[in-house]
Amino acid sequence: MSKSRTSVAALLLFACVIWPVQPSVAQTASSAPGAESIERFKGDLVAPKSPRSSLGFQLGNLEEYGATEMMISKHFEKALKASTKSPVIIFKHSTTCSISAGAYDRLGAWLDKQGKDAPEVFLVKVRERRPVSNEIEARLEVKHESPQIILIKDKKTVWHTSHDAIDAAAIEKALGALKDGS
């Protein structure tokens, strides 16, 4: 492995695995003198309803756009059944990875623009719902990646992508190809 690839791999390992277990600035500061003013300042910048990743990134709430969180196999069955009527997006998301946080935000922005025309979206938090994530990988025959979007129609994978390739243009192209092919 080249030196630059080793550096990138080490950086990703740090960003997605090691760094999230370190205490956040807010956690460390909460016991420091003046912690009250830090919390007040933090509250001014962050909308209370929006969740945060463990890295502290601001996240939109995909559930505001109608996404359903897959917590159990029954939810996966619901997604498969829904795909017999129209395309369904499954978004596999790691709550501890900055790359996944970016993809989450890009998907949320795209859903916001789509409004009622957006396909049904199912969210899988891969670290918290590993059995569901594994079932998706096995049944749809798509190697697990995170973040990852899987577009399904008629209970089959028709397209998937991951990481920085998750963006509005890619989703639009996949949905367009699906419409053109049907």
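What follows is calculated from the coordinates using simple rules that are stated; it is not laboratory data. Since this is a predicted model, take the numbers as computed values, not measurements. Methodologically, a virtual Cβ is constructed for each residue, glycine included, from the backbone with ideal geometry; neighbour enumeration extends over all protein chains shown.
Brief remarks on what is shown
- Of 125/179; 81/113; 78/153; 81/143; 113/143, pairs whose Cα-Cα distance is over 24 Å: 125/179; 81/113; 113/143
- Counting other Cβ atoms within 10 Å as a rough exposure proxy, the listed residues 158, 124 run 158, 124 from fewest neighbours to most.
- Electrostatic tally near residue 102: other residues with Cβ closer than 11 Å to its Cβ, Lys and Arg +1, Asp and Glu -1, net -2.
- Per-residue extension of 0.36 nm, minus the Cα-Cα distance of residue 74 and residue 170, leaves a gain of 31.7 nm for this segment.
- Net charge, residue 87 excluded, C-beta distance under 14 Å - Lys, Arg +1, Asp, Glu -1: +2
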